[in-house]
Amino acid sequence: MASSGRWSVRRGPRAFTALLAVTFAGLSGYAVAASRHQAELIRVVAEAGSDTNAYERAAYLVTRETELLQAAMREPDGEERDLLLAANQQADDATQRMAEIDQEHVGTAARLADQHHRIAPILTDFLAQLDQKDHDAAFTTLETILEPEYDSMITALIGEQDQHLAEYDRLQAAAVRESDRSALTVLVVFLLGLVILLGYRLSSRAYRRQLDRMAATDPLTGLLNRNAFTTRVQRFLGAGRGTTVLVLNVDGFREVNEQLGQSIGDLMLIEIGKRLVASTRENDAVARLGGDEFAILLDDGDLTTGESIAARLSGAFTRAFEFDEITLDLEVSIGAAVAVDGDDATTVLRHADTAMHIAKQLHADYHCYRDDRRHDAVARLTLLGDLRRALDDPGQLTLHYQPQIAVNGGDLAGVEALARWQHPTRGPVSPAEFIPVLEVSSLMHRFTEQMLGKALRQGRTWLDAGHRVPISVNVSTRSLLDPGFPQRVAALLDETGVPGTLLCIEVTEYALMSDPETAIEALRQLRDLGVNASIDDYGTGFSSMTYLKLLPVGELKVDQSFVKDVATDSSSRALVASTVELGHSLGLTVVAEGVEDDGALSILRAIGCDVAQGYHFARPMPADEMTARLEEGRQPSPVTAAG
């Protein structure tokens with residue numbers, strides 16, 4: 001029995017040891033299996049995190065590209081313009097990488113990558129427009145093509161990012177549940193798993209919070225950044241709340257950076273952020289969109305409140321900015337937009353930005369967006385594209401010629417060349433429709449040169465046929481103030497062999513008064529070529545008598561609004577008479593436009609007007625018809641007032 005007892009005593013520790021061994025082996029096996037399972041979960045979570053990070057990086061880089069694009073629009077010569085193509089390539093690489101690693105939403109990721117890749121040529125055209133100083137065309141391209149594309153991409157990227165983040169959180173929750181089940185079986189595995197999981201979750205959450213802070217905050221001012229602000233606006237819209245957005249741009253900030261350095265510029269941006277926060281209400285959201293552009297989301301959609309807040313924001317800049325011994329005074333331009341049904345966050349922001357640019361152009365503190373401008377911009381952009389193609393098609397843009405008749409004697413004093421456009425699908429397009437579009441585009445230079453060339457080549461044809469016909473050509477403000485314009489006129493005169501004395505350049509009072517010094521210098525250079533100059537539509541502008549005395553012009557053209565009723569209205573007759581007297585006292589020829597009846601012609605003859613043109617003599621006509629009239633002029637009956 002004793003022997004049996006000793007065996008039992010020994011068997012107990014052995015059994016315990018064996019049990020521990022088995023238990024340890026079981027725990028070890030379970031730990032290995034659990035470890036493998038946990039490893040698989042971690043791998044899946046890591047992949048989900050990688051997808052999320054890829055979308056975050058793509059969204060960040062596309063947003064940065066958008067900021068550089070807008071900065072390049074505001075400051076075409078700024079450093080942001082040089083960084084834009086590199087930023088586009090970085091964003092393109094990020095979207096391609098995103099498409100490669102996202103195996104869950106392959107189609108969406110590939111579509112976004114392709115959408116961004118296809119925007120590069122448009123971006124190149126936009127930069128070319130900036131390089132050509134065609135700011136209006138560039139602004140239209142930005143507003144109607146580039147910004148909607150970028151806004152669409154950013155919205156889609158944020159949406160995909162949210163989906164991946166939700167999947168990421170779901171996988172995290174699954175990992176927690178698996179760890180909890182393991183903990184119920186093996187305390188050691190549970191504790192170990194809990195420690196690992198707890199550490200992972202803590203680090204992951206800390207990392208996520210850090211990323212969220214970085215993604216939502218402007219690092220310089222501490223305000224919301226564009227991405228977070230857009231999300232906030234979208235949340236307001238989604239909740240059906242009235243939404244008013246103000247976009248604010250600091251006038252003259254670029255000069256501060258250039259002259260005083262970036263450090264002063266950064267201090268100013270920080271101070272501007274503080275003043276904006278102090279000038280808004282507690283629940284209003286203030287953001288820095290990029291550069292010197294800020295935005296405010298009002299807590300209600302009342303436009304009257306928006307106007308009141310805008311006034312307070314403008315007032316915040318009446319106090320000078322002081323940094324050490326430097327005192328600076330700056331102003332702001334503010335644009336407002338109120339969301340309507342169907343608008344998303346990016347649309348409201350774009351409208352407010354458009355209003356801000358209009359305020360800046362009008363030198364006003366504040367402007368509110370009107371929806372009808374969007375349709376006008378699309379129509380103008382379409383017309384501008386058609387004009388660009390018309391300039392490459394010699395058959396679309398032509399000249400008609402309207403005779404100018406000597407009031408005394410009825411002889412042909414010259415012709416005015418007037419542009420006509422035969423659109424391939426719309427038919428004739430009125431100059432009143434397409435000339436204003438050209439005047440705000442760099443295409444005006446090509447157009448003016450083409451029309452001058454056509455007029456001078458026709459003048460050469462008439463000279464060769466024995467007809468010495470002076471030709472007047474209208475020139476826009478943009479062309480006259482171009483430093484190279486006189487040289488191009490000289491080249492055309494040399495090319496056609498037409499004497500400068502047979503060419504008259506017609507310019508408006510506005511063209512002369514917008515930059516008198518440059519205009520006077522250009523006209524002097526043209527006068528040295530023998531070219532005459534005429535002030536067109538005289539009486540409708542604000543030309544100064546002082547400048548009128550200094551201008552190297554030879555002709556005044558009285559606007560038709562005064563001439564058409566000169567025979568029946570004493571005020572018009574007095575104005576025309578005083579203009580004729582003024583012109584003659586300055587040694588100028590006076591031309592009356594818009595003569596439509598013999599009564600007006602008689603009055604013009606009585607007050608001493610030199611030359612007249614209008615439907616009473618002839619409508620503008622093609623070159624061959626004008627040539628036929630010149631040929632008839634060889635007969636005993638010349639071109640007369642009955643013409």
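The values are calculated or read from the model by the stated rules, or taken from the named source; none is laboratory data. Just so we're clear, the structure is a prediction, and the values are computed from it rather than from any experiment. Glycine gets a Cβ as well: all are built from the backbone with ideal geometry, and neighbour counts include every protein chain shown. Only protein heavy atoms, including side chains, enter the accessible area calculation; ligands, DNA and RNA are left aside. Shrake-Rupley method; radii C 1.70, N 1.55, O 1.52, S 1.80 Å.
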- On the full set of protein chains, 1.4 Å probe, figure out the accessible area of C368 and give it in Å² to the nearest 10. 40
- Query: Taking 0.36 nm per residue of separation and subtracting the Cα-Cα distance, what length does fully extending R319 through T425 add?
  - Reply: 32.5 nm
- Note on the structure: One can check that the equivalent ellipsoid of segment 324-470, built from the alpha-carbon gyration tensor with semi-axes equal to the square roots of five times its eigenvalues, has lengths in Å, largest first, of 45, 22, 14
- Find the accessible area per residue for segment 460-581; the probe is 1.4 Å, ligands and nucleic acids are left out, and the unit is Å². 45
- Beta carbons within 10 angstrom, averaged per residue: use that to sort the peptides 134-140, 322-328, highest first. 134-140, 322-328
- Task: Starting from the Cα gyration tensor of segment 377-460, multiply each eigenvalue by 5, take the square root, and state the resulting semi-axes largest first in whole Å.
- Result: 28, 13, 12
- Note on the structure: Semi-axes in Å, largest first, for segment 471-616 (Cα gyration tensor, √(5λ)) are 28, 17, 12
- Item | Radius of gyration and Dmax over the Cα atoms of segment 241-353, both given in Å | 14.6, 51
- Might you tell me the accessible area per residue for segment 99-165, computed with a 1.4 Å probe and given in Å²? 43
- Provide the FRET efficiency to the nearest 0.05 for the S602-Q132 pair, computing r from the beta carbons and using R0 = 45 Å. 0.35
- Of all accessible heavy-atom area on segment 396-497, the percent that carbon and sulfur account for (1.4 Å): 52
- Item | segment 220-244 residues near the modelled S152 label - backbone nitrogen below 17 Å, point 7 Å along Cα→Cβ | none
- Å³ per residue enclosed by the Cα convex hull of segment 194-308: 127
- Note on the structure: Applying the gyration tensor rule to the Cα atoms of segment 489-530 (axes a ≥ b ≥ c; rounded if a/c under 1.5, else prolate if a/b exceeds b/c, else oblate), the class is prolate
- Sorted by average packing, counted as other Cβ atoms within 10 angstrom per residue and highest first, what order do 257-269, 91-103, 554-566 take? 554-566, 91-103, 257-269
- Within 10 Å, count the other beta carbons around each residue, average over each peptide in 350-358, 425-433, and list them highest first. 350-358, 425-433
- Accessible-area order for R468, R605, largest to smallest, probe 1.4 angstrom, reads R468, R605
